[in-house]
Amino acid sequence: MKEVLIDTLLDGIRMLPFLLAAYLLIEWIEHRSNDKMKRILINSGRYGPLGGAVLGAIPQCGFSVAAANFYSERVITKGTLLAVFLSTSDEAIPVLLAAPKSGNILLKLIAIKIVIGFFAGFLVDLIERKTKRSFDWIQSDKYKSPENCHCERGILSAALYHTVTIFLFILTVSFLLNTMFYYVGKESVSAFLMTDSLFQPLLTGLFGLIPNCAVSLVLTQLFLAGNISFGSIVAGLCTGAGIGFAVLLKANRKFKENINITVLLYIIGAGSGILIDIFMSNMNVI
């Protein structure tokens, strides 16, 4: 246990300065352009899925919440909402930025999620139009700024708040994982997580639906530890829209519509993860 604790602390301390730098950048983006990006999203019309996929990939914690509120107020389309949810990665981006030699993986992850978000959102909107559930109800003039994420704080104080919070959570997750590996055995943990199974994205996609920012942290830590595949982290982060999903369930009173969005999100996320793992396996890509 002493070795587990020391290894966990050392790994966390090495990551800490990079984590702070990542959150300083994120908070700068949040404070400088948060409202402008939301206005771009609600004025994008038929090109909403493209705007949603690109803007959703920008690491800021309030964008999925904004998209959920906009959809509930009928300001953006279903395809645009799905594009934002699918491209959002929550806390995964700063954690990967802080991890050694993860830059290439991070760029691939962001690019793939933008592509998935755009094509899935565009296809959903196309089907909505063809089935006469078009954009007649879209009212971009109803814009109002939804809740932001610590924008009432200064950039430095907000970055420090996020860094400390996420750092403590990373230490907790890393300690629990290392403890499980030590006492239960890596083979047993791998079997539970369906490691090396083609169907692992079905599990991580389901886990991603839990409406909490912590989910993306757990998935990222599992990926960095080598317990889940690249396709599996894509699946989990595609279905994981953080608290944006919880806001949608609360703000949008149409229960069947929420179920439809949930099912679509899961099918697209888990399906994409499986296809990515098949492709990477056939191409011998690691």
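The values are calculated or read from the model by the stated rules, or taken from the named source; none is laboratory data. Predicted model, so just to flag it, every value in this text is computed and none were measured. Quick reminder, even Gly has a Cβ in these numbers, built from the backbone with ideal geometry, and neighbours come from all protein chains shown. Areas reflect the complete protein model, heavy atoms only, side chains present, ligands, DNA and RNA absent. Shrake-Rupley method; radii C 1.70, N 1.55, O 1.52, S 1.80 Å.
Give me the net charge for the shell around Phe122: Cβ to Cβ below 14 angstrom, other residues only, Lys and Arg +1, Asp and Glu -1. After counting each charged neighbour, the total is +2. A Förster radius of 45 Å combined with the Cβ-Cβ distance from Asp196 to Arg129 puts the calculated FRET efficiency at roughly 0.60. Using a probe of 1.4 Å, the accessible surface attributed to Ile259 totals some 80 Å² when neighbouring protein chains are kept in position. Provide, for q = 0.13, 0.20 Å⁻¹, the log10 of I(q)/I(0) from a solvent-free Debye sum over equal Cα point scatterers in the range 186-228. Values, matching the q order: -0.26, -0.61.
Per-residue accessible area (protein heavy atoms, 1.4 Å probe) orders Thr77, Thr165, Thr195 as Thr165, Thr195, Thr77, starting from the largest. Taking only protein heavy atoms and a 1.4 Å probe, the accessible area of the range 181-286 is 69% carbon and sulfur. Taking a ≥ b ≥ c as the square roots of the eigenvalues of the alpha-carbon gyration tensor, the range 220-286 is classed oblate because a/c is 1.5 or more while a/b is no larger than b/c.
What order do Lys254, Lys113 take when sorted by accessible area (1.4 Å probe), most exposed first? Each step should come with its number before you reach the end.
Details: Lys254 115, Lys113 0 Å².
Correct descending sequence by accessible area is Lys254, Lys113.
In this simple spin-label approximation, Ala111 and Ser188 carry label points 7 Å from Cα along the Cα→Cβ vector, and these lie 4.1 nm apart.
Solvent-free Debye calculation, one equal scatterer per alpha-carbon of the range 167-286: log10 I(q)/I(0) at 0.12 Å⁻¹ equals -0.47. Among Arg74, Arg253, Arg14, Arg129, the order of accessible area from largest down is Arg253, Arg14, Arg129, Arg74, computed with a 1.4 Å probe on protein heavy atoms. At a probe size of 1.4 Å, how large is the accessible area of Asp90, to the nearest 10 Å²? Estimated to the nearest 10 Å², Asp90 gives 30 Å².
Among the chymotrypsin sites (Phe, Trp or Tyr not before Pro) in the range 192-268, those placed in a DSSP loop whose Cβ has at most 14 other Cβ atoms within 10 Å are Phe199.
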